[in-house]
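Working notes, beginning with the structure itself.
The values are calculated or read from the model by the stated rules, or taken from the named source; none is laboratory data. The structure displayed is predicted, hence computed values, not measured ones. FYI the Cβ positions are ideal-geometry reconstructions off the backbone, even for glycines, and counts take in every protein chain you see. The area values use the complete protein model at the heavy-atom level, side chains included, leaving out ligands, DNA and RNA. Shrake-Rupley method; radii C 1.70, N 1.55, O 1.52, S 1.80 Å.
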Amino acid sequence: MPGIETASFFVVGGTLRRDAPSYISRAADQNLYKFLQAGEFCYVLTARQMGKSSLMVRTAVRLRDNGTQVAVLDLTSLGQNLTTEQWYNGLLERVGQQFGREDELEEAWLRFPQLGPMRRFMRAISDSVLPDLKDRAVIFVDEIDAVRSLPFSTDEFFAGIRECYNRRSLDPQLERLTFCLLGVATPSDLIRDTRTTPFNIGRRIELSDFTEQEATPLIQGLCADDAVGMVLLQRIIHWTGGHPYLTQRLCRAVANDGNIHDTSGVDRLCEELFLSNRARERDDNLLFVRERMLRSEVDTAALLTLYEKVRDGKTVRDDETSPLIPVLRLSGIARVESGVLKARNRIYNKVFDDKWVNASMPGAEIRRQRAAYKRGLKRALAITLPLLLIGAAIAYWNLYSASNTMAVRQFRSPSPPAFWASSRIPVAGEQSEVGGILLRTGQPDVTVLVDNFQFGRTSSSGELRIPLPPASYNIRLEKPGFRPIETSVLVAKNSETPIMLKLEREAAPSLFVRAVPGATVRLDGKELGVIKPDGTFVHEASPGILTIELEKTGYLPVSAKIVLVLGSTTTVNVPMQPDSSAADAADYAAIADSTDPIALRQYLQKYPTSKNAAQVRNRIEEIDWKNANRTDLQSLDAFLQAHPQGQHANEARQLVEELQSGQADYIAAVKAGSSEALQAFLTRHPNSPYAEQVRQRLSQQQDKAAVLSVIHRYEESYNRQDLGGIVDLWPSCPDRIKKNLQASFHSGEKQKLQVEVEGDPDIKGNFASVRGQETRSGSLTSTAPVTIMLVRQNGGWFIQSGIF
């Protein structure tokens, strides 16, 4: 492949360079650049190895080229074991390095010690960066999901970003500052408080898989022959579905092999890279998908059951309020198409198949161990039973003896509790010098813990005296319905230290419901109100295990048990299914004679279990089969994906086999390159999708042969001194050249012409040019470069100029 080294063309894993030839531009490239240029807050939250960091790098370069100040912050480089101040100061230091304002930002940070870390961070940027900007400033924050591992809450960081946008009307210079967040998370993973989240005012940038058209530039790294490269790329996309990492890796493997010229070779490499047992345990991407699915915080069994529905092609709508669907999306195992979850690609389908789902279900390992245990127990029982009987007899005798002995012994009171024995709190009489604490809370029955050991409870007056040796202690107060509180107290020798602490009540539990607008909400039978038009309902309730019920005309009533805890918000997503008995009949009557596949599919989505569903599916199949392109592999493959067991499935598979056979023959004919091979392909596959391309190649070869034949015949006519033959080949030959040729032929000296052609003829429509060198001997002895021009007339080629 001229000019490009395969090893450097494809990049597998990691961020692509700004000039990487294998970078594929998608809609996200234009959208992210456009919205950041307009000053909008953007975020790219999606699965791993989808090209987030590469998109960020290229967008940052484009922004810098346009005069925008850009800072790129990778949160993983800051570390995790940090204080809040260290983290924000680390962010500010990296902003300063990239904006060329390191000293100014550090001075601004030190100038506001009275402010909290987030306010100091934002104040430093607004005071030291924004006033000198001629254009915009964009701060990219990559690996944003790293905030989940920090030892402190970062909610105020996101609230600070939102505040930047809210204050633009009061502080116009904030118009010039914007942020872009990238990572593997959902907005709710990053910030819980919906009132201060910036994600509901920002632009979500979707990173989709490569389409076949978008991936076309990869052909130049696959194969020197574009036609063969296109066939290979189509098969690669067939397996990967355009997933960036999987596509780049399979492309690189095909290019490195060097001997892959058909789809069977791609299939073989795909098996080795991703589908073999060894690959499933080693490939980083497959391991990430597996771990994300099996180590998430949601119910694993429910998640795997939902994935099975997606994999089986059942309708699962994209619902961001569901705790399960974000896991499917962020693991990368599923994608969203027209609001419905679809299986991501054929590689994932084969790796994470039904067998994997069953083996990964909770309890699968326990069931296997239990079965093995039972088998081992049966084998061991015959050997161990006699020993067990002997042991039981001995144990009975020892127990009998011990009970008699205990009966005659005097009962002793228990030792002091471990708290008194192991802590610094004295047992009465052990120390002569002791201090203490006089605790006043104003609240009775408050549990008091000293260094995490429970000492006692406050009296009805809210007081408690605690004798302690001189030292520093941690005091913790707890009471149901109140927020716990802690403090450190220094106890002096022979003195009582008074402290006053008061517990604050926990906020009442908050219930946040998402459901169908207009639905009536009841809690333990008591009607609370109706769901608002935006689909939400908020209510403060008492703590405990309660039953929530929802009802609405036209929908089936639903109920569920919920747990409300003091000081927390419980979010409940209640899907309500339409009461479809009457609506089904009316909707079916509307589409009973329809030939619109969209209307038919919408009916099935609404009534998947209707008695009319089978009839509607058959009609959809007939329409899809009628519209399927019988000469296009992708069209047939899409039909088989939609109707794998349909009545036309076998016919479609047979057509696929024929097209694949024709595809293999086409690749072989192109590789052979001869007119005979191309003609043989046309004879065997006259209606193939590749037939027109073969005809063009064959026509080009025939034209080249015909042009070269004219040059050769001219050479022969000249050497025979046949002026008539020359004129036949060169009808427009000027009279002066004819006279010169005739004179040289009658000179009595033998004339000879040799034309050495360099390269192939250059043919464009009805005109051709041939470059070479002509050598003459005799009366017109000469050697010179020559360009012969020819024209096609009346189905034949004739010399137009350039030779003598």
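Here are some notes:
- Entry note, the chain: the mean residue ellipticity at 222 nm calculated from DSSP H runs of n ≥ 4, each adding -39500 (n - 2.57), is -13500 deg cm²/dmol after division by the residues and rounding to the nearest 500.
- Ratio of Rg to Rh for the stretch 491-561: 1.43 [Cα atoms; Kirkwood radius as inverse mean 1/r over pairs].
- Once the 1.4 Å probe is applied to the protein heavy atoms, the chain comes out at 54 Å² accessible per residue.
- Averaging 1/r across all pairs of distinct Cα atoms in the stretch 144-302 and inverting the result yields a Kirkwood radius of 19.4 Å.
- Under 18 Å from the Cα of Lys532 - aspartates and glutamates, other chains or at least 8 residues apart: Glu540, Glu549, Glu551
- Candidates per trypsin sites (Lys or Arg not before Pro) in the stretch 141-200, loop by DSSP, up to 16 other Cβ within 10 Å: Arg192, Arg195
- Taking the Cα atoms of the chain, the ratio Rg/Rh between the radius of gyration and the Kirkwood radius comes to 1.14.
- Estimated from the Cβ-Cβ distance and a Förster radius of 56 angstrom, the FRET efficiency linking Gln615 and Asn66 is about 0.45.
- Electrostatic tally near Leu503: other residues with Cβ closer than 13 Å to its Cβ, Lys and Arg +1, Asp and Glu -1, net +2.
- Distance between the 7 Å Cα→Cβ label points at Ala691 and Gln641: 2.8 nm.
- Exposure ranking of Trp109, Trp356 by accessible area [1.4 Å probe, largest first]: Trp356, Trp109
- Sites matching GluC sites (Glu not before Pro) across the stretch 465-509 that sit in DSSP coil, with at most 16 neighbouring C-beta atoms within 10 Å: Glu504
- Label point distance in nm, Lys502-Arg192, each placed 7 Å from Cα along Cα→Cβ: 2.7 nm
- Order of exposure, largest accessible area first, which applies to His243, His238 with probe 1.4 Å: His238, His243
- Ordered by solvent-accessible area of protein heavy atoms (1.4 Å probe), largest first, the residues Lys350, Lys764, Lys134, Lys479 come out as Lys134, Lys764, Lys350, Lys479.
- Rounded FRET efficiency, nearest 0.05, which uses the C-beta distance separating Glu540 from Asp299 and R0 of 22 Å: 0.20
- Listed pairs Lys309/Lys350; Lys314/Lys611; Lys704/Lys750; Lys704/Lys764; Lys314/Lys350 exceeding 21 Å between Cα atoms: Lys704/Lys750
- Within the stretch 756-795, GluC sites (Glu not before Pro) in DSSP loop having at most 12 other beta-carbon neighbours inside 10 Å: Glu758
- Net length gained if the chain between Asp103 and Asp722 were fully extended (0.36 nm per residue, minus Cα distance): 213.7 nm
- FRET efficiency for the Ala359 to Lys314 pair, using the beta carbon distance and R₀ = 22 Å, is estimated at 0.55.
- Sum of side-chain charges, Glu143 neighbourhood, beta-carbon under 10 Å (Lys, Arg +1; Asp, Glu -1): -2
- Straight-distance crosslink candidates among lysines, where the alpha carbon sits under 19 Å from Lys134 and sequence neighbours closer than 8 are dropped: Lys34
- Subtracting the Cα-Cα distance of Gln679 and Asp451 from 0.36 nm times their residue separation leaves 72.9 nm of extension gain.
- Here the label points at Ala492 and Ser169, each 7 Å from Cα along the C-beta direction, are separated by 5.8 nm in the simple model.
- Counted over the chain, the DSSP beta bridges are approximately 75% antiparallel.
- Within straight-line reach of Lys502, meaning a Cα separation under 23 Å, sit the following lysines at least 8 residues removed in sequence or on another chain: Lys479.
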